[in-house]
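Worksheet: the structure to be examined is printed underneath.
The values are calculated or read from the model by the stated rules, or taken from the named source; none is laboratory data. Just so you know, these numbers come straight off a predicted model, no measurement behind them. Cβ sites come from the backbone with ideal geometry, for glycine too, and all protein chains shown count toward neighbours.
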Amino acid sequence: MSKLNDQSSIKEIYSYISENQYVYFATTLDLQPKIRTMVLFFYKGRFFFVTFTNDSKVAQIKSNKLCEVLLPIQDEIGNKGHIKMTGKAKICSDPDARQDAEYYCYFFDQYYDGADDPDFCLIELDFEFYEIMKPGDSHTKKFHS
């Protein structure tokens, strides 16, 4: 396991993340991990999820902001790997980010009536630790942002 601390490693991680990327998102409730599939999107150098205000993950984030995201990756010949991003989640009330979520989240209009919809909750993720195991590799690289 190697430890890295450079921006090129973060850029490499980001190169695997597509626009509106499906990932696995983990929170905890009473020391029990809770994981679900979410759509991650990137806006002005920040990561976000869109969800319903009354969803259980919102309550979980309010009680414990620690979270982790897992993105399985695969190369063109089928070798598998993964990216883990660990950090903190928070409810985002930034009006510009909420407004722009309508544009950056491809399914927004299917569920919400705009940035002021009371059912709409924007979750921001601040990653502090990254891990990547490239497809075909037998070890991970870990580093801090």
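Per-residue answers, yes or no, for (1) exposed (fewer than 12 other Cβ atoms within 10 Å of the Cβ); (2) touching a residue at least 24 places away in the same chain (Cβ under 8 Å); (3) of a type in the set (Val, Ile, Thr); (4) closer than 15 Å to Val23 by Cα:
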position: Lys84; (1), (2), (3), (4): no, yes, no, yes
position: Lys88; (1), (2), (3), (4): no, yes, no, no
position: Pro95; (1), (2), (3), (4): yes, no, no, no
position: Ala101; (1), (2), (3), (4): no, yes, no, no
position: Phe107; (1), (2), (3), (4): yes, yes, no, no
position: Tyr111; (1), (2), (3), (4): no, yes, no, no
position: Cys121; (1), (2), (3), (4): no, yes, no, no
position: Lys134; (1), (2), (3), (4): no, yes, no, no
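For first residues located in region 26-52 and more than 26 Å from Gln99 (Cβ to Cβ), partners that are part of a strand (DSSP E or B) and basic (Lys, Arg) and lie 6+ apart or on another chain with Cβ distances below 8 Å form the pairs Ala26/Lys34; Thr28/Lys34.
Any idea which residue in region 2-35 is modelled with the lowest pLDDT, counting only those that are in a helix (DSSP H, G or I) and of a type outside the set (Gly, Ala, Ser)? It would help to see each step written out before you state the result.
Taking region 2-35 as the starting set, the residues that turn out to be in a helix (DSSP H, G or I) are 7-15.
Remaining after also requiring of a type outside the set (Gly, Ala, Ser): 7, 10-14.
Values: Gln7: 71, Ile10: 78, Lys11: 80, Glu12: 82, Ile13: 85, Tyr14: 84.
Ranking the qualifying residues of region 2-35, first place goes to Gln7.
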